[in-house]
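Reading through the structure tokens given below for one structure.
Here, each number is a calculation from the coordinates, and none is a lab measurement. Since the structure is predicted, the reported quantities are computational estimates derived from the model, not experimental observations. Cβ coordinates were reconstructed from backbone atoms using ideal geometry, including for glycine residues, and neighbour counts include every protein chain displayed.
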Amino acid sequence: MDGEATRARILETAGQLFAERGYADTTSKAICERAQCNMAAVNYHFGSRDGLYLSLLKEVHKHLISLDYLARLAHSAQPPRQKLEAFLDGLTASLLNSEGWHIRLWAREVLAPSPHLAGIIEAEALPKFGLISAIIGEITGIPPGDPALTRCVLSVMAPCMMLLVIHRDMNSPIQAIFEQPAEVLASHLKTYALAGLDAIVAARAAPVRSKRAR
């Protein structure tokens, strides 16, 4: 139990420091001083400073929406529209209700990438992208591999991606978004996303109907 407490303390401390200073400017010494541990403890639990940073990036993804949860949702028997609504509900709640370092760390990573960004995208983001694509493919009938499906996923995810990188304390028009209840924003995102997907489905069906009419 002492070991788990030490590991958790190192994670929390390092998360705060990396979120404050970024990957390049956060030293092992600073982490150990604030976490009240030595480098041997960091190496024991994470292998190295880089191993610790990778663990933090994985924690960020788990904090936002875990791969296990998304896989269960995508493979569930729910109607596809309900799957997408549940996904947006969960992600929006994580984005707006997060008080910790997770969102700030990810914003720093995206805006000033470390050498680990490509690896974490491959390990965490791409599998999630595939699951979200499958859900949206169910809604639209667009097959996997069709560029139109990728465009749909990007259109649905773009507002959430913006909220991931915008600084919530910065004086900007978007700041008001963080002051409203998560369910209000989620309702808007669901309405907007589903209406857009319905429009895409209708537009793709229109040429087919036109050919049949001729």
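Worth a mention:
- Kyte-Doolittle mean at least 0.5 and Cα axial length at least 18 Å: DSSP H helices in the chain: 126-140, 147-165
- Of the residues Ile120, Leu95, Val153, the one whose Cα sits farthest toward the positive end of the charge dipole of the range 84-214, with +1 on the Cβ of Lys and Arg and -1 on the Cβ of Asp and Glu, is Val153.
- Across the range 58-213, the relative contact order, built from alpha-carbon pairs under 8 Å that are at least six residues apart, equals 32 percent.
- The order of the peptides 73-80, 136-143 by mean Cβ neighbours within 10 Å, most packed first, is 136-143, 73-80.
- The simple spin-label model puts a point 7 Å past each Cα toward its Cβ; for Asn43 and Glu122 those points are separated by 2.7 nm.
- Anchor Lys128: lysines whose Cα lies under 27 Å away (excluding residues fewer than 8 positions away in-chain): Lys58, Lys62, Lys83, Lys190
- At an R0 of 25 angstrom, the distance between the Cβ atoms of Asp68 and Ala93 translates into a FRET efficiency of 0.90.
- 13 Å beta-carbon shell around Cys32, net charge (K/R +1, D/E -1): +3
- Charge dipole magnitude, Cβ of K and R +1, D and E -1 - the range 68-214, Cα centre, debye nearest 20: 860
- Shape metrics for the range 2-56, restricted to C-alpha atoms - Rg then Dmax, Å: 9.7, 30
- Share of alpha-carbon pairs per 10 Å distance bin for the range 58-213, given as whole %: 10, 37, 34, 15, 4, 1
- Per-residue [θ]222 nm for the chain (sum of -39500 (n - 2.57) over DSSP H runs n ≥ 4, rounded to 500): -24000 deg cm²/dmol
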